[in-house]
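Below: the structure, in structure tokens.
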Amino acid sequence: MTMTDNTAAIVGGPELPQERKLVTEIPGPESKKLMARKQAAVSKAVGATVPVFTVAAGGGVLVDADGNSLIDFGSGIAVTGVGNSNPRVVKAMAEQLNRFTHTCFTVTHYDSYVEVAEALNRLTPGDFEKRSALFNSGAEAVENAVKIARHYTGKQAVVAFDHAYHGRTNLTMGLTAKNIPYKSGFGPFAPEVYRAPLSYPFRDGGLDGVTAARKAISTIEKQVGAENLAAIIIEPIQGEGGFIVPAEGFLPTLVAWARENDVVFIADEVQTGFARTGAMFASDHEGIAPDIIVTAKGIAGGLPLSAVTGRADIMDHPQVGGIGGTYGGNPIACAAALATIESYEQDGLVQRAQEIGTTMMGRLNALASEDPRIGDVRGRGAMVAIELVDPATNEPDAELTGKIAKYAHEHGVILLTCGTYGNVIRFLPPLTMPDHLLDEGLRIVADAIAAA
Ligand SMILES: Cc1ncc(COP(=O)(O)O)c(C=O)c1O
């Protein structure tokens, strides 16, 4: 018997009742049974934020094996912007499934890969000729962006920033800042990776963006040297590191310095991309045009796909066969991406992300004005976070953060934490979440904070 035999009739997508409904405790008996099987079969190192098993999801909810309907404030970590089992995506994938499932794009080509590349070249910031290449995961795309930048510049060093998260493969672990859980015990890491200070307005005394960038540039010049530096890689808004929005001017100053110094500027928009921040890409908010932009997560409605898009001269530089892979740009994932992109563009989801952001910011700022433990409310569009602190010292309060998340989970809200200090709660609802669920979820978060 498979884990889903008893739930075969359940269908996800936006037709699922858009309600929070708890019929058992969280986790319920079915999830607990499945969890016991998981523990006996799956590496313990693969954890779960909420200990339930999903049988269906769509709109703004996720239904578990016990029939509980949970409000989804996570989108599978910023993936299902267009909603789970989005009908456009399901239809496009079904059509492709019936044509063919795989050729390996580097064996024989197919047009959907090219169409995804065309869409990325059109949608990403920068009014210059671009090329794209497709991969499977965010980390794989980051690795390839660095490979391409090194090939193009003939240099080796890469600078990443404090609080950065770029993945769990060897190079991306090295680029990632946080030790536990991402790096501890997994070294040695790839060489020629250096770290520069970030603009973190809540914790750097409100340094203006240009001054913060000059500090980073000074570190880079003294500790690395532009003559050795292939690329700067940065998330325009730090994701796992705590939804840190750099002060205005930080990113453009870095871009200008990179351009003057023959350094490739790579924006890792794996978490911020595709309407999430109330613009198609977070780079758009500050009008920057990265030389290379890395995307994944929200690109394909939940299918594994990622991309590197950049200036044509940079992207065309490596030798034929130097870039690729068996599954990168799989035809089902490409079909899903084309339907997903159509949904962002035609269903008004950029606008919807702005509306969701306005609601979340309003409610969370109101809570913060009455509760000094909420030290900061920040984000853009539907990528919003609160940072929890000891009001006396402003020190991070990870314990309080954990309590709030646990309360939310037990009351039927999927809520994610993040941050170098583990004291940030992040809000990433699907952009298809109806207002009444957004309201109810935020009310439960308010209850959770009050109870903690
Ligand atoms: C900014 C950023 N880069 C890279 C990654 C790695 O992506 P993946 O988990 O698909 O390898 C993530 C994942 O959370 C991310 O947020």
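What to note about this one:
- The value obtained for the chain, namely the Cα convex hull volume divided by the number of residues, is 145 Å³ per residue.
- Candidate lysines - alpha carbon under 22 Å from Lys38, same-chain residues fewer than 8 apart omitted: Lys406
- Share of Cα-Cα pairs in region 244-333 lying beyond 17 Å, as whole percent: 57 percent
- Whole-Hz Karplus values for region 300-310 come out as 9, x, x, 7, x, 8, 8, 8, 10, 10, x Hz, taken residue by residue from phi with 6.51 cos²θ - 1.76 cosθ + 1.60 and θ = phi - 60°; glycine and proline positions read x.
- Here the calculated FRET efficiency for Thr106 and Asp371, from their Cβ-Cβ distance with R0 = 56 Å, stands at 0.55, rounded to the nearest 0.05.
- Between Thr49 and Phe128, the simple spin-label model (points 7 angstrom out along Cα→Cβ) gives 3.6 nm.
- Among beta bridges from DSSP that stay inside region 228-314, the antiparallel ones total about 35%.
- Relative contact order for the chain, counting Cα pairs under 8 Å that sit 6 or more residues apart, in percent: 21 percent
- Sequence-separation-based contact order of region 328-452, relative, with Cα cut under 8 Å and 6+ spacing, percent: 20 percent
- Those lysines that a straight Cα-Cα span of less than 22 Å connects to Lys130, excepting residues fewer than 8 apart in one chain: Lys147, Lys155, Lys297
- Whole-percent carbon and sulfur share, accessible surface of region 41-94, 1.4 Å: 62 percent
- Gyration tensor (alpha-carbon) shape descriptor, region 326-372, a/c threshold 1.5: oblate
- Based on protein heavy atoms only, the chain ends up with 41 Å² per residue of surface accessible to a 1.4 Å probe.
- Mean silhouette area of region 167-284, derived from the convex hull of its C-alpha atoms and averaged over all directions, reads 7.6 nm².
- Percent RCO, i.e. relative contact order, over region 92-228, from Cα pairs under 8 Å lying at least 6 residues apart: 16 percent
The values are calculated or read from the model by the stated rules, or taken from the named source; none is laboratory data. Note that the structure is a prediction, hence the values are computed from the model and not measured. Note that each Cβ is placed from the backbone with ideal geometry, even for glycine, and that neighbours are counted across all protein chains shown. With ligands, DNA and RNA removed, areas are computed over all heavy atoms of the protein, side chains included. Shrake-Rupley method; radii C 1.70, N 1.55, O 1.52, S 1.80 Å.
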